[in-house]
Every structure is written in C-alpha cells, then in structure tokens.
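Asker: Encoded as structure tokens, here's the structure I'll be asking about.
The values are calculated or read from the model by the stated rules, or taken from the named source; none is laboratory data. Quick caveat, the model's predicted, so the values are computed rather than measured. Every residue, glycine among them, receives a Cβ derived from its backbone with ideal geometry; neighbour counts consider all protein chains shown.
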Amino acid sequence: MEPVEQIIEVQSVLDRLTRFRHLNGWAAVVAGILSLIAYAALGIFYDTPWLVDHADPNAIVTSASVWQFIVAIVALFVIAAVVCGSIILMSLPKDLTKYAWRNLLRLIGTYALYILTGGFIAFNLLFQATEPTMGILQFIPPLMCMMYGLAQFHASHVSLPSLKFLGVWILLCGIIGMLVPSLGWFFWMVGFGPGHILMGIYVLIRSGN
C-alpha cells in the first residue's frame, strides 16, 4: 500500500472512531418543517404580542404572556427532540459499534450544553426582571439562534463536518435578530426552518437517499 493510501486509511479509521456519522437527513427536514409550522401556528392560534413586529420594546408584558411564551418554546423543543430523535434512532444500523454509541452521547452532550446554557440565560432574564418587557421577549429568539448555531458548529467536530455551515447560518440569523429585535422571530424562522430543510436535503443527496 502506498504511503498516501495508508494515510487516507488511517484518517478513515480515526474518523469512524471520533465522529458520529449516522445522522438522518429526514430528521433535519422534519425539524425545519416543524419550525415553520410552529412559527405559523403561534401567529395564527395564539394572542402573542411578542410575535408582533415593531412592538414597543418598553411595553410591559403580563405574566400570562410570559408563561405562554415559555410553554410555547419548551413544547417546540420537546416535540422536535422527540420526533427527530426517533427518526435518527430508528434509522441506526443494528450493528452500531460502541464507538458510534460513544460519539452519539458526545453529540447529545454538545447540544445539551448549549441549549441548557441558553435556557438558563433566558429564564434568568425573564424572572430577574421586576417587570418583563417586550424587549426582553424579543431578545430570546436571537439568543436561541446564537446558542443553537454555536452548538451546531461544535457538533461538526464530533459528527458531520457540514453541520458547521448550518451552525454559521443560524448564528448569523441570531446576530441579525439581535440587531433588529422587532424581526427576531422572523430570523429565528429563517434560521431554523429553511436552514434545517436545506441541510437535510444536502445530507440525503450525499447519502444517496
């Protein structure tokens, strides 16, 4: 075997030992569709002033609206995690190695670290304020994008390298949302919706599905 071929073979072995490559493109597509549905449903079925563009950032928000906000966000993450996680688990090969399981746990830990950190910051902002304002609620969606984008970028080191592109896209949407708070939810939708769908399609094409 030529030296170059040996190097490639070693890199391939190391890649299998250190990365979880069994992500399902359909899980990403479903995550994007759920994000679009959630964005539309919140605007149609709920009286949610925190979704209204150009709302006064200094306006005081009632505790009922704050809890409505929290329930909506938590429900969205739980539903997306259960549905997408189920798709990934059902698509895993039966002979998955212990290294793959270890890398899967590392991947879950990476997402959990950033999501829980973002959740802690958001809850602290909401409950430390004497009177929550519209500005605080408008700050949450960009924060979600930034933390999740960083999670995807970090996850690209333990899973598919292409995840970094999704991470950068969602992170940029979060930064723009920070700069234009009244459009925070819109850019949240742009980041999570089309971002996941395009990423899922890319993974499906690369895997031949």
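Asker: Are any residues in the range 192-207 of a type in the set (Phe, Trp, Tyr) and farther than 18 Å from Met147 by Cβ, and if so, which ones?
Answerer: Tyr202
Asker: Hey, another quick one. Please specify each residue of the range 37-57 satisfying the condition of being among the hydrophobic types (A, V, I, L, M, F, W, C), buried (at least 16 other Cβ atoms within 10 Å of the Cβ) and modelled with pLDDT of 85 or more.
Answerer: Listed by number, the list holds a single entry, Ala38.
Asker: Residue check, Thr110 against (1) surrounded by 19 or more Cβ atoms within 10 Å (Cβ to Cβ); (2) at pLDDT below 85; (3) out of contact with any Leu (no Cβ under 9 Å at 6 or more places or on another chain), all met but one. Which one?
Answerer: Unmet for Thr110, out of (1) surrounded by 19 or more Cβ atoms within 10 Å (Cβ to Cβ); (2) at pLDDT below 85; (3) out of contact with any Leu (no Cβ under 9 Å at 6 or more places or on another chain): (2).
Asker: Could you check how many residues of the range 86-100 are surrounded by 12 or more Cβ atoms within 10 Å (Cβ to Cβ) and not β-branched (Val, Ile, Thr)? It would help to see each step written out before you state the result.
Answerer: Residues of the range 86-100 that are surrounded by 12 or more Cβ atoms within 10 Å (Cβ to Cβ), as a first pass: 86-89, 91-92, 96, 99-100.
Those still in the list that are not β-branched (Val, Ile, Thr) too: 86, 89, 91-92, 96, 99-100.
Selection size over the range 86-100: 7.
Asker: Among Thr117, Thr133, which is the only one that is polar (S, T, N, Q), in contact (Cβ under 8 Å) with a residue 60 or more places away in the chain and surrounded by fewer than 21 Cβ atoms within 10 Å (Cβ to Cβ)?
Answerer: The match here is Thr133.
Asker: When Ser182 is evaluated against the numbered criteria (1) under 19 Å from Leu34 (Cβ atoms); (2) touching a residue at least 60 places away in the same chain (Cβ under 8 Å), which criterion, by number, is the only one it fails?
Answerer: (1)
Asker: So which residues in the range 151-188 are under 22 Å from Thr133 (Cα atoms) and of a type in the set (A, V, I, L, M), if there are any at all?
Answerer: Selection gives Ile175, Ile176, Met178, Leu179, Val180, Leu183.
Asker: Go through the range 84-107 residue by residue and tally those that are β-branched (Val, Ile, Thr) and either outside any helix (DSSP H, G or I) or out of contact with any Leu (no Cβ under 7 Å at 6 or more places or on another chain) (or both).
Answerer: Counting residues in the range 84-107 that are β-branched (Val, Ile, Thr) and either outside any helix (DSSP H, G or I) or out of contact with any Leu (no Cβ under 7 Å at 6 or more places or on another chain) (or both) gives 2.
Asker: Continuing with this model, one more query. Please verify whether Phe69 is modelled with pLDDT under 85, of a type outside the set (A, V, I, L, M) and surrounded by 12 or more Cβ atoms within 10 Å (Cβ to Cβ), treating the condition exactly as stated. Even if it seems obvious, please write down each step before you answer.
Answerer: Working: modelled with pLDDT under 85: yes; of a type outside the set (A, V, I, L, M): yes; surrounded by 12 or more Cβ atoms within 10 Å (Cβ to Cβ): yes.
Judged against the criteria, Phe69 is a match.
Asker: Continuing with the same structure: May I ask you to list the residues in the range 141-159 that are surrounded by fewer than 23 Cβ atoms within 10 Å (Cβ to Cβ), under 16 Å from Trp185 (Cβ atoms) and touching a residue at least 40 places away in the same chain (Cβ under 8 Å)?
Answerer: Within the range 141-159, no residue meets the criteria.
Asker: To continue, here is another question. Where the second residue is part of a helix (DSSP H, G or I) and the first is over 19 Å from Leu34 (Cα atoms) and lies in the range 63-76, which pairs have Cβ atoms under 8 Å and are six or more apart or on separate chains?
Answerer: Sorted first by the residue in the range 63-76, then by its partner, the pairs are Ser65/Pro49; Ser65/Trp50; Ser65/Leu137; Val66/Leu126; Val66/Leu137.
Asker: Which is of a type in the set (Val, Ile, Thr) and at pLDDT 90 or above, of Ile136, Ile197? Give the steps one after another, and end with the answer.
Answerer: Values: Ile136 fails: at pLDDT 90 or above.
That would be Ile197, the only listed residue that is of a type in the set (Val, Ile, Thr) and at pLDDT 90 or above.
Asker: Related question: Select from the range 168-209 the residues that are under 23 Å from Leu92 (Cβ atoms), in a helix (DSSP H, G or I) and among the small types (Gly, Ala, Ser) and list them in ascending order.
Answerer: Gly200, Ser207
Asker: What residue, among those in the range 168-189 that are within 12 Å of the chain's Cα centre (by Cα) and modelled with pLDDT under 95, is surrounded by the most Cβ atoms within 10 Å (Cβ to Cβ)?
Answerer: For the range 168-189, the residue satisfying everything is Trp188.
Asker: If I filter the range 82-102 for residues that are under 25 Å from Ser35 (Cβ atoms) and aromatic (Phe, Trp, Tyr), do I get at least one hit?
Answerer: no
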